[in-house]
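Read-outs throughout are calculated quantities, based only on the coordinates presented, and are distinct from any laboratory measurement. Values in this document were obtained by computation on a predicted structure and should not be read as measured data. Virtual Cβ from ideal backbone geometry, glycine too; neighbours counted across all protein chains shown.
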Amino acid sequence: MISFSHVTKRYGAVDAVHDLSFEIPRGQFVGLLGQNGAGKTTTLNMLTGYLAPSEGRIEINGHDLLTEPRSAKQHLGYLPELPPLYDEMTVEGYLRFVCQLRLVVRADVPSHVRDIAKKTGLSDMLSRRVGNLSKGYRQRVGLAQALCGDPEVLILDEPTVGLDPRQTAELRETLKEIARGRTVIFSSHILSEVQSLCDRVLILHHGKMVYDHDAHKLSPTTKMHARILADEKTLLPALRSLAHVTRVTRLPQQESGAVDVLMECSALLPAQKELHTLLSGLHAPLLRLTPMDETLEDVFLRCTQGG
Ligand code: ATP
């Protein structure tokens with residue numbers, strides 16, 4: 001379990017992260033999103049203990065990162081955006097070395113390394129030099145080193161950045177496997193990746209948390225696509241005057257005589273009722289009405305617009 005309580009990180013007059021509070025329960029897979037400069041890396045660096053917060057408290061499994069750093073970090077595995085690899089070592093040599101650093105019992109190291117290599121698809125690569133591996137395999141070695149010592153909490157900073165589509169798909173499958181039973185916090189710019197992997201989405205904007213929601217049930221649907229047989233000049237102002245409709249966008253015409261519009265609503269059901277009342281008054285037949293689910297991209301753009 002990870003807990004941030006009123007955490008601020010200040011650089012001079014700038015708050016890179018401001019008054020951040022959230023908890024991640026054991027076993028949850030959380031995606032951390034935000035534009036460049038939103039504060040993601042600062043948040044992850046504080047979580048690894050690399051940076052100290054200016055204010056607030058961070059706990060990992062009940063251990064304060066500042067006052068009990070050893071106990072807190074014992075539960076932590078970290079894959080930075082650029083994994084710290086030693087090119088001259090073999091994959092096996094490197095993973096054994098990391099196991100030593102993470103105080104894995106000496107007698108257990110060989111079987112632990114074999115187990116991690118199997119999980120990360122590196123079993124056939126153990127005797128290869130790290131410096132000779134492709135980018136995808138290097139990333140796997142980075143992931144494998146994060147698993148040394150079997151940490152309960154994994155922090156992954158853009159793990160699939162720079163990989164080709166096949167390597168990305170393979171690494172995502174590996175991540176799904178590895179995440180089972182662990183708490184994972186994962187930063188990415190790839191919204192579809194976050195939606196497919198994560199249970200929960202956090203969005204940072206200018207160092208503040210602006211969104212915290214279930215990744216599979218985003219905000220309630222508030223858009224609908226309507227196709228109406230009517231005169232556009234009368235229809236559009238009438239739609240815009242409805243109390244629960246916040247925005248009306250004309251879409252390309254699909255059928256002759258019909259007007260297609262995208263309506264954004266403050267609440268879907270009241271807006272639908274208003275629409276039906278309006279159209280019966282105008283004697284304008286409704287040919288189609290489709291509520292549209294908000295995508296993570298819609299949510300992201302909405303949450304990160306403006307200052
Ligand atoms: P990206 O997606 O580009 O990696 P990010 O969300 O990880 O961005 P951070 O690197 O956490 O963002 O930066 C947050 C803010 O803090 C930015 O405005 C950045 O310029 C500022 N910042 C980060 N590190 C420092 C530093 N050492 N000194 C001064 N300002 C910093």
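Inspect all residues belonging to region 62-82 and state whether any of them is closer than 29 Å to Leu296 by Cβ, aromatic (Phe, Trp, Tyr) and assigned to a strand (DSSP E or B).
yes
Looking at region 217-245, which of the residues that are under 30 Å from Val30 (Cβ atoms) and surrounded by 12 or more Cβ atoms within 10 Å (Cβ to Cβ) is nearest to the chain's Cα centre (by Cα)?
In this case the residue turns out to be Leu218.
Determine whether Glu264 is within 22 Å of the chain's Cα centre (by Cα) and of a type in the set (Asp, Glu).
When the stated conditions are applied, Glu264 does not pass them.
So, Leu282, is that one among the hydrophobic types (A, V, I, L, M, F, W, C) and either surrounded by 13 or more Cβ atoms within 10 Å (Cβ to Cβ) or touching a residue at least 60 places away in the same chain (Cβ under 8 Å) (or both) or not?
yes
Can you find a residue in region 168-186 that is in a loop (DSSP other than H, G, I, E, B), hydroxyl-bearing (Ser, Thr, Tyr) and either free of Cβ contacts under 8 Å to residues at least 60 places away in the same chain or away from the ligand (no atom under 16 Å from the Cβ) (or both)?
No, there is no match, as no residue in region 168-186 is in a loop (DSSP other than H, G, I, E, B), hydroxyl-bearing (Ser, Thr, Tyr) and either free of Cβ contacts under 8 Å to residues at least 60 places away in the same chain or away from the ligand (no atom under 16 Å from the Cβ) (or both).
Tell me the residue from Asp15, Asp19 that is within 12 Å of the ligand (Cβ to nearest atom), in contact (Cβ under 8 Å) with a residue 60 or more places away in the chain, more than 20 Å from Val194 (Cβ to Cβ) and of a type in the set (D, E, K, R), please.
Just a single option satisfies the conditions, and that option is Asp15.
Of the conditions (1) within 16 Å of the ligand (Cβ to nearest atom); (2) part of a helix (DSSP H, G or I); (3) not β-branched (Val, Ile, Thr), Asp124 fails just one. Which one is it?
Checking Asp124 against (1) within 16 Å of the ligand (Cβ to nearest atom); (2) part of a helix (DSSP H, G or I); (3) not β-branched (Val, Ile, Thr), the one that fails is (1).
So that you can scan it fast, the table gives a plain yes or no per residue for (1) over 30 Å from Gly39 (Cβ atoms); (2) in a helix (DSSP H, G or I); (3) more than 16 Å from the ligand (Cβ to nearest atom):
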{"position": "Leu262", "(1), (2), (3)": "yes, no, yes"}
{"position": "Lys273", "(1), (2), (3)": "yes, yes, yes"}
{"position": "His276", "(1), (2), (3)": "yes, yes, yes"}
{"position": "Gly281", "(1), (2), (3)": "yes, yes, yes"}
{"position": "Arg302", "(1), (2), (3)": "no, yes, yes"}
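Somewhere in region 199-210, is a residue in a strand (DSSP E or B) and away from the ligand (no atom under 16 Å from the Cβ)?
yes
Within region 23-55, restricting attention to residues that are assigned to a strand (DSSP E or B) and surrounded by 16 or more Cβ atoms within 10 Å (Cβ to Cβ), which residue is farthest from the ligand (Cβ to nearest atom)?
Looking at the filtered set, the residue picked out is Phe29.
To keep it simple, each residue is scored yes or no on (1) small (Gly, Ala, Ser); (2) within 24 Å of Ile2 (Cα to Cα).
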{"site": "Glu81", "(1), (2)": "no, yes"}
{"site": "Leu101", "(1), (2)": "no, yes"}
{"site": "Val113", "(1), (2)": "no, no"}
{"site": "Lys118", "(1), (2)": "no, no"}
{"site": "Leu122", "(1), (2)": "no, no"}
{"site": "Ser127", "(1), (2)": "yes, no"}
{"site": "Gly131", "(1), (2)": "yes, no"}
